Amino acid sequence: MELLELMKHRHSIRKYTDERIRTDNLEKILQAGMLSATGRNKRPWEFIVVREKSMLTQLANSKTAGAQMLSKADTAIVVIADPEKTDTWIEDCSIAMANMHLMAHSLGIGSCWVQGRLREAKDGSSAEDYLRSLLHYPEKYKLLATLSLGMPNEQKTPADLETLPAEKIHWEQY
Ligand SMILES: Cc1cc2nc3c(=O)[nH]c(=O)nc-3n(C[C@H](O)[C@H](O)[C@H](O)COP(=O)(O)O)c2cc1C
């Protein structure tokens, strides 16, 4: 499918069936993450792949709201980075997240961004510290977000190019 067509059909998917994601497809999603552009090619990110049910249930408490879909997800990819490597770590991690989200969609797999940076966990700690205590990443790593993944159990209407906010495009000057 042409990329724009794929993008029109992309949506955040938060409801999943019990069907497992094939490991070869999971590998492709991770490859998409690692193929992402990074400032000065520093690749500051690390990807923590979680598939264990009991851990996914705990990841669902990593935010006060907006992370509950993780308890029913097949897989979570937690994206962290070492800010000492580069001052573009947020951009670098965001691009990897977006590429993995789109790659998942292209394979018929549903996914959703779960914001972690600047967010609070249900126990009152930061999402970053909460996930660090579960996943044991070193102090120097910062949390960007988690990608929740599963076989889709909801259908969403594709976007209509005619309804895009064209007024936000400013040619030559604002
Ligand atoms: C930076 C960012 C943070 C987001 N955080 C969350 C989140 O914590 N929980 C959630 O359910 N969705 C989250 N989303 C998904 C958005 O809610 C979603 O992209 C938006 O509503 C548009 O819907 P669509 O992705 O289906 O087009 C996030 C998306 C982005 C880009």
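Some points to look at:
- Every pair of residues 6+ apart whose Cβ atoms lie under 6 Å, when the first sits in the range 1-26 and is of a type in the set (Lys, Arg) while the second is assigned to a helix (DSSP H, G or I): Arg10/His105; Arg14/Met69
- With respect to the stated conditions, Ala96 is of a type in the set (A, V, I, L, M) and in contact with a strand residue (DSSP E or B) (Cβ under 9 Å, 6 or more places away or on another chain).
- When residues in the range 96-107 are screened for being near the ligand (Cβ under 10 Å from one of its atoms) and either more than 20 Å from Thr75 (Cβ to Cβ) or part of a loop (DSSP other than H, G, I, E, B) (or both), 0 of them pass.
- Those residues of the range 108-151 which are of a type outside the set (Gly, Ala, Ser), surrounded by fewer than 21 Cβ atoms within 10 Å (Cβ to Cβ) and assigned to a strand (DSSP E or B), in sequence order: Trp113, Gln115, Glu120, Lys142
- Residue in the range 68-75 that is more than 15 Å from the chain's Cα centre (by Cα), buried (at least 17 other Cβ atoms within 10 Å of the Cβ) and of a type in the set (Lys, Arg) present: yes
- Filtered residues of the range 81-95 (kept if charged (D, E, K, R) and either within 9 Å of the chain's Cα centre (by Cα) or away from the ligand (no atom under 15 Å from the Cβ) (or both)): Asp82, Glu84, Lys85, Asp87
- When restricted to residues that are without any contact (Cβ under 8 Å) to a residue 40 or more places away in the chain, within 25 Å of Thr75 (Cβ to Cβ) and not hydroxyl-bearing (Ser, Thr, Tyr), the range 129-170 contains 5.
- Unmet requirement for Ser71, which otherwise passes all of (1) more than 18 Å from Leu144 (Cβ to Cβ); (2) in a loop (DSSP other than H, G, I, E, B); (3) not hydrophobic (A, V, I, L, M, F, W, C): (2)
- Residue in the range 14-24 that is within 15 Å of the ligand (Cβ to nearest atom), surrounded by 17 or more Cβ atoms within 10 Å (Cβ to Cβ) and on the phi < 0 side of the Ramachandran plot present: yes
Every residue, every condition in (1) in contact with a Cys (Cβ under 7 Å, 6 or more places away or on another chain); (2) over 19 Å from Gly116 (Cα atoms); (3) outside any strand (DSSP E or B), yes or no:
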| site | (1), (2), (3) |
| --- | --- |
| Met1 | no, yes, yes |
| Glu5 | no, yes, yes |
| Lys8 | no, yes, yes |
| Arg14 | yes, no, yes |
| Ala32 | no, yes, yes |
| Val49 | no, no, no |
| Ser62 | no, no, yes |
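- When Glu46, Glu2, Glu52 are checked against the criterion of being among the acidic types (Asp, Glu) and touching a strand residue (DSSP E or B) at 6+ places or on another chain (Cβ under 6 Å), a single residue qualifies: Glu46.
- Residue match in the range 139-159 (condition: more than 18 Å from Phe47 (Cβ to Cβ), β-branched (Val, Ile, Thr) and within 16 Å of the ligand (Cβ to nearest atom)): yes
Computed from the coordinates by the stated procedures, all read-outs in this text should not be read as laboratory data. Note that the coordinates shown come from a computational prediction; the quantities given were computed from them, not determined experimentally. Methodologically, a virtual Cβ is constructed for each residue, glycine included, from the backbone with ideal geometry; neighbour enumeration extends over all protein chains shown.
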